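Beneath this line is the structure, given in structure tokens, with notes to follow.
The values are calculated or read from the model by the stated rules, or taken from the named source; none is laboratory data. These numbers were taken from a predicted model, which means no experiment stands behind them. All Cβ positions, glycine included, derive from the backbone under ideal geometry; neighbour counts span all protein chains shown. Only protein heavy atoms, including side chains, enter the accessible area calculation; ligands, DNA and RNA are left aside. Shrake-Rupley method; radii C 1.70, N 1.55, O 1.52, S 1.80 Å.
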Amino acid sequence: QVQVVESGGGLVQPGGSLRLSCAASGSIFSIVAMAWYRQAPGKQRELVAVISSGGTTSYVDSVKGRFTISGDNAKKTVYLQMNSLKPEDTAIYYCNAVFREPGPTSETAQAPWGQGTQVTVSS
């Protein structure tokens, strides 16, 4: 059973910073990529940032220059450093992992969604 657990959310004032963490565990041979998503009230879940096992990163335009994704493949963890936070960044933040399963075929699979961590940006 593979799972991801997010942490690090909270209440922060506009302009402030937060660092989110996510750890994947279970039957994982290797990580292919890990990503952060967010879902604001009444909106669809959107991809915020992704990092490949090789370190290539990509961001949604609205967070470029403010958020930084990083990861540790050996620890199966991913982080999201969020600076210059805005009220519109308020959402539940979820991480996800694409990984290779143990075994001779090393099939690729996606982890189930975790509970997420609430980020609220408000004065």
Review point. Can you name every residue in the range 4-36 that is outside any strand (DSSP E or B), open to solvent by 30 Å² or more (accessible area, probe 1.4 Å) and hydrophobic (A, V, I, L, M, F, W, C)?
Key: PHE29
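For the range 88-123, how many residues meet the condition of being closer than 30 Å to GLN13 by Cβ, open to solvent by 50 Å² or more (accessible area, probe 1.4 Å) and part of a loop (DSSP other than H, G, I, E, B)? Please lay out each step first, then the result.
Start the filter on the range 88-123 by keeping residues that are closer than 30 Å to GLN13 by Cβ, which leaves 88-96, 113-123.
Then keep just the ones that are open to solvent by 50 Å² or more (accessible area, probe 1.4 Å); that gives 88, 92, 113, 115, 118, 122-123.
Adding the requirement that they be part of a loop (DSSP other than H, G, I, E, B) leaves 113, 115, 122-123.
Number satisfying all stated conditions: 4.
A quick yes/no check of all residues on (1) within 16 Å of VAL4 (Cα to Cα); (2) aromatic (Phe, Trp, Tyr):
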{"position": "GLY15", "(1), (2)": "no, no"}
{"position": "SER25", "(1), (2)": "yes, no"}
{"position": "ARG66", "(1), (2)": "no, no"}
{"position": "ASN73", "(1), (2)": "yes, no"}
{"position": "TYR93", "(1), (2)": "yes, yes"}
{"position": "GLN110", "(1), (2)": "yes, no"}
{"position": "SER122", "(1), (2)": "no, no"}
Exercise for review: Among residues belonging to the range 73-87 that are of a type outside the set (D, E, K, R) and in a loop (DSSP other than H, G, I, E, B), point out the one that is farthest from SER25 (Cα to Cα).
Suggested key: SER84
Revision key, fill the gap. Those residues of the range 37-62 that are among the aliphatic types (A, V, I, L, M) and surrounded by fewer than 19 Cβ atoms within 10 Å (Cβ to Cβ) come to a total of 3
